[in-house]
């Protein structure tokens, strides 16, 4: 189903050729992504005192489920945008990149970086090769010596660490897959460490 489209012009006369180019660009987007709700395109000409010609700006508002994508290219120093068709191409290229990023995120293809949690070493069992971290929310997280990136033997009770909890629990509860020792100044004191 074609994307509902609203095209308007500012400081430029409406042109069937420009409208046709915009509809062509929208049709390509519609082939790539069929769930768009609506699209508004504004083509405007800007007068600049430093330039002999006009620079064109193309603004696009594409409504998709759950969010809106906005492109507003104002290339004040880009002489290529003295050609309205170049301005249209660049704006739709930018919109296409935004749309591809959203689709990748929806499909789970974008790898999101895990932000490590913070905590303190609550207990260490040096001979057995494991310990427990007290997270800032009070939860205890088990870790094995192999998960420590800075060296298990360098850890002491009370040391601040960053850690990443792995999916699924061990027999000892939540388990850290990575533990990295930090400096002493990163966390405020908690009730249990005072």
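The values are calculated or read from the model by the stated rules, or taken from the named source; none is laboratory data. Treat the numbers as computed from the prediction; the structure is a model and nothing was measured. Note: ideal-geometry Cβ built from the backbone for every residue, glycine included; neighbour counts use all protein chains shown.
Each residue in the range 105-132 was checked for being touching a strand residue (DSSP E or B) at 6+ places or on another chain (Cβ under 8 Å), modelled with pLDDT under 90 and not in a strand (DSSP E or B), and 2 of them qualify.
Of the residues making up the range 1-22, those that are closer than 16 Å to residue 95 by Cβ, surrounded by 15 or more Cβ atoms within 10 Å (Cβ to Cβ) and at pLDDT 90 or above number 3.
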